[in-house]
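Here's the structure, in structure tokens; my notes come after.
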Amino acid sequence: MKRITRDKAFHVEFGGDMPPELRVGLGETFVIETNDNWWNLLGKEGAVPPVTEPPTGARQYVRGNPVGGPVYVEGVEPGDTLVVDLQEIAVRDWGWTGTIQGFGPIAGLKEWEDIDEPFSTVIRHVPGPSGTLRDGEAVMNVGREVRWPLAPFLGVIVTAPERGVENTLVSQGPWGGNMDIRDVCAGHKIHLNATHSGGLLFLGDVHASQGDSELTGIADETAADVTLSCQVIKGRTTPGVMRIEKPDSIVQVDSARNAGGMERALNNCFLNMMRWLVSDFGMGKREAYLHMTANSLVRINVYQFTSGFFTCGVEFPKRYLG
């Protein structure tokens, strides 16, 4: 099976002029071995996430979220939608979480100033009933031991933008981005715009688990082996930042950075979901509109809400697609 190995998955910029690291055919399964968002440096208790020293330190933005890619997918052309079928995200046996001083909603508040500091703690990943991490738990101890289910997903998934070079920390746009969407996980299909031949796919920043919003800006950060394949929807562009196909629902996603504000992002999710229902599933405009206001199973998902980042989605159940 073709793969990008971990030692080659260290890009913190992505663009259309980067030579492909891998070439695959439509439907061909391959693997990208990812690193964690902080260069795998914080595996010991008491380690502090540095923001001014190499390899993370930089004058513009911290060099975080290294990704693997680009992957050239044969048969994908500009104007197509690249469909990424995530088959498995196999995480390592530890991750980390913590805080960065001055980042997050507690910054500058006297009530919380005693914990507004650089801090990290290791989160252990332990096997579940199957004897593997596929149904395992995250174990954290900050004064007491607590556990919750592992739920791994990709924090960053992108295609090369039409022009220029973007970075893996703050970039969000019609190419995807660093959006920390819990639904970008195994068993789901991710729709992304292709503006270059081959699509030029990059991914990384795996989170072994995360609460909605990722309030501190740091989840359960880990490395993983990501198994996936790709298909294409010819001649179709994807609105917003991406669409997601789940087994029982579909999700339209947008972000404040892409749309120009939080309200615009959410409104775009509703409008583009309605367009999706009409154009792809033959639903009448009136029915699509009324689902958005009256159907109790239509949901708003807030995936990311932290220090200037906001990503949201509108989710629609497949049972009503007819």
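The values are calculated or read from the model by the stated rules, or taken from the named source; none is laboratory data. Given the structure is predicted, the values throughout are model-derived calculations rather than measurements. All Cβ positions, even for glycine, are placed from backbone atoms using ideal geometry, and neighbour counts span all protein chains on display. Just the protein is used for accessible areas: all its heavy atoms, side chains included, with ligands, DNA and RNA removed. Shrake-Rupley method; radii C 1.70, N 1.55, O 1.52, S 1.80 Å.
Could you look through the stretch 201-214, keep only residues that are part of a loop (DSSP other than H, G, I, E, B) and touching a residue at least 60 places away in the same chain (Cβ under 8 Å), and pick out the one that is least open to solvent (accessible area, probe 1.4 Å)?
214
Does residue 10 fit the bill of being surrounded by 18 or more Cβ atoms within 10 Å (Cβ to Cβ) and among the aromatic types (Phe, Trp, Tyr)?
When the stated conditions are applied, residue 10 does not pass them.
Inside the stretch 227-243, can you point out the residues that are hydrophobic (A, V, I, L, M, F, W, C) and more than 16 Å from residue 304 (Cα to Cα)? Can you show your working first?
Start the filter on the stretch 227-243 by keeping residues that are hydrophobic (A, V, I, L, M, F, W, C), which leaves 228, 230, 232-233, 241-242.
Matches in the stretch 227-243: 228, 230, 232, 233.
Among 33, 88, 77, which is open to solvent by 20 Å² or more (accessible area, probe 1.4 Å), in a loop (DSSP other than H, G, I, E, B) and of a type in the set (D, E, K, R)? Step through it out loud before you land on a result.
On the way: 33 fails: in a loop (DSSP other than H, G, I, E, B); 88 fails: in a loop (DSSP other than H, G, I, E, B).
Result of the check over 33, 88, 77: 77.
Do any residues in the stretch 132-154 that are within 20 Å of residue 180 (Cα to Cα) have Cβ atoms under 8 Å from those of residues that are in a loop (DSSP other than H, G, I, E, B) and of a type in the set (Asp, Glu), where the two are at least six apart or on different chains, and which pairs are they?
Hits for this filter: 153/183.
Within the stretch 100-114, can you find the residues that are open to solvent by 80 Å² or more (accessible area, probe 1.4 Å) and either touching a strand residue (DSSP E or B) at 6+ places or on another chain (Cβ under 9 Å) or part of a loop (DSSP other than H, G, I, E, B) (or both)?
Across the stretch 100-114, the qualifying residues are 101, 109, 113, 114.
For the stretch 119-140, name all the residues that are open to solvent by 50 Å² or more (accessible area, probe 1.4 Å) and either among the acidic types (Asp, Glu) or touching a strand residue (DSSP E or B) at 6+ places or on another chain (Cβ under 9 Å) (or both).
The answer is 119, 124, 127, 132, 134, 135, 137.
Looking at the stretch 13-30 only, could you name the residues that are in a loop (DSSP other than H, G, I, E, B), open to solvent by less than 50 Å² (accessible area, probe 1.4 Å) and under 20 Å from residue 87 (Cα atoms)?
Matches in the stretch 13-30: 25, 27, 29.
Assess whether residue 107 counts as being among the small types (Gly, Ala, Ser) and either free of Cβ contacts under 8 Å to residues at least 40 places away in the same chain or over 22 Å from residue 204 (Cβ atoms) (or both).
yes
List, please: which pairs have Cβ atoms under 6 Å, are six or more places apart or on different chains, and start with a residue in the stretch 215-230 that is under 16 Å from residue 5 (Cα atoms) and end with one that is modelled with pLDDT of 95 or more and of a type in the set (Lys, Arg)?
222/92; 223/92
If a residue must be surrounded by fewer than 23 Cβ atoms within 10 Å (Cβ to Cβ), touching a residue at least 40 places away in the same chain (Cβ under 8 Å) and either of a type in the set (Val, Ile, Thr) or not in a loop (DSSP other than H, G, I, E, B) (or both), how many such residues does the stretch 36-71 contain?
3
Could you identify the single residue in 75, 108 that is in contact with a Lys or Arg (Cβ under 9 Å, 6 or more places away or on another chain) and on the phi > 0 side of the Ramachandran plot?
Answer to the check: 75.
Would you point out which residue out of 292, 273, 242 is within 19 Å of residue 82 (Cα to Cα) and out of contact with any His (no Cβ under 8 Å at 6 or more places or on another chain)?
Going through 292, 273, 242 in turn, the sole match is 273.
Kindly indicate the residue of the stretch 30-66 that is of a type in the set (A, V, I, L, M, F, W, C) and farther than 16 Å from residue 118 by Cβ and also nearest to the chain's Cα centre (by Cα) among those meeting that condition. Steps first, answer last, please.
The initial filter retains those residues of the stretch 30-66 that are of a type in the set (A, V, I, L, M, F, W, C), namely 30-32, 38-39, 41-42, 47-48, 51, 58, 62.
Okay, now just the ones that are also farther than 16 Å from residue 118 by Cβ, so 30-32, 58.
Numbers: 30: 19, 31: 17, 32: 15, 58: 23 Å.
Among those residues, the one meeting the criterion is 32.
Within the stretch 141-155, work out how many residues are in contact with a Lys or Arg (Cβ under 9 Å, 6 or more places away or on another chain), open to solvent by 40 Å² or more (accessible area, probe 1.4 Å) and assigned to a strand (DSSP E or B).
Number of matching residues: 1.
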